[in-house]
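The values are calculated or read from the model by the stated rules, or taken from the named source; none is laboratory data. Fair warning: this is a prediction, and the values are worked out from it, not measured in the lab. Note that each Cβ is placed from the backbone with ideal geometry, even for glycine, and that neighbours are counted across all protein chains shown.
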Amino acid sequence: MNNPVNEGLQPLVERLEKSHYNVIVGLCEAARKQANKLHELEIRMAASQYVNLCSRLADEIELYIRDRKTELIPYTYTLFEKSQAGHDCTNCGSGGSCTLQHDIKLKELKDSHIQLNDIIHRLQMVALPLYSETIYPEAYIVLRNQMALLENNLAELYLKETTLLIPKIAEAQKKINVRD
């Protein structure tokens, strides 16, 4: 397998989409289905609040990933195409707005990591306690496990985007003379 550090921008984005973005969307859908099953059971009020929190978090995570798919992925492909074509942003003649647009995209990605950290933190906070003296129906434990999987996948995505994707985007921007 290729070393991710040596991997190009486009293969990295394709891998992130396949092994993280799509997986996370699937986990959100599964968690929402499980939450809907539990809403039908609605055994305890406290558990119902737990289910509502999980459902809202799954919706928020899916919106976050949808933004990645509709904004970030197309931008990285455009950036890749520009670098392959030998584009030079210093020749755009748009008075620096080209560079500004690239800077905004990178800043949006970095800023979105604040939101991602918040989501991960809230996922940790919403964990259903599994005390030995408390017995939860199996359906709650399934939902808890799905939320834990979401948390793990988001944490791994955060790490890969921070250590691999952001530097590769900055490198590609440098290649087309967005920055020095």
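Listed values, structure above:
Every residue, every condition in (1) crowded, with 17+ Cβ neighbours inside 10 Å; (2) under 22 Å from GLN124 (Cβ atoms); (3) in contact (Cβ under 8 Å) with a residue 60 or more places away in the chain; (4) of a type outside the set (Ser, Thr, Tyr), yes or no:
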{"position": "LEU16", "(1), (2), (3), (4)": "yes, no, yes, yes"}
{"position": "ASN22", "(1), (2), (3), (4)": "no, no, no, yes"}
{"position": "ALA31", "(1), (2), (3), (4)": "yes, yes, yes, yes"}
{"position": "LYS37", "(1), (2), (3), (4)": "no, no, yes, yes"}
{"position": "GLU40", "(1), (2), (3), (4)": "no, no, no, yes"}
{"position": "VAL51", "(1), (2), (3), (4)": "yes, yes, yes, yes"}
{"position": "GLU62", "(1), (2), (3), (4)": "yes, yes, no, yes"}
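Residue-by-condition table, conditions (1) modelled with pLDDT of 95 or more; (2) not in a loop (DSSP other than H, G, I, E, B):
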position: MET1; (1), (2): no, no
position: GLU7; (1), (2): no, no
position: ARG15; (1), (2): yes, yes
position: SER19; (1), (2): yes, yes
position: VAL23; (1), (2): yes, yes
position: CYS28; (1), (2): yes, yes
position: ALA35; (1), (2): no, yes
position: LEU38; (1), (2): no, yes
position: ALA46; (1), (2): no, yes
